[in-house]
Amino acid sequence: MRLYSLILLTLCTGAAFPAGAATEVGGTLASNTVWTTNGSPYLVTNATFVPPGGVLTIQPGVAVQFRTTA
């Protein structure tokens, strides 16, 4: 369900961000992670995993985008 939420959030944020302006994330996150508006936008650069028992909280107003590959 979390993956679907991230995908939906990405589809809802259509703005493009200038290079270097985003917080890049990828890999396995810390056990409990909070994405805040201060770090927004977040650019998911590769496969990102929330570890078992971990929680990823995305605060309201945070923009999340995914890097596309050819």
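The values are calculated or read from the model by the stated rules, or taken from the named source; none is laboratory data. All figures in this text were calculated on a predicted structure; none of them were measured in a lab. Cβ placement follows ideal geometry from the backbone for every residue including glycine, while neighbour counts extend to all protein chains displayed. These area figures cover heavy atoms from the full protein model, side chains too; ligands, DNA and RNA do not enter into them. Shrake-Rupley method; radii C 1.70, N 1.55, O 1.52, S 1.80 Å.
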Taking the criterion of being open to solvent by 70 Å² or more (accessible area, probe 1.4 Å), modelled with pLDDT under 95, at positive phi and part of a loop (DSSP other than H, G, I, E, B), would at least one residue in segment 5-23 satisfy it? yes
Among the residues of segment 46-58, which ones are open to solvent by 40 Å² or more (accessible area, probe 1.4 Å) and either under 18 Å from Glu24 (Cβ atoms) or β-branched (Val, Ile, Thr) (or both)? Asn46, Ala47, Thr48, Phe49, Val50, Val55, Thr57, Ile58
Hey, can you tell me all the residues within segment 27-56 that are among the β-branched types (Val, Ile, Thr) and not in a strand (DSSP E or B)? Thr36, Thr37, Val50
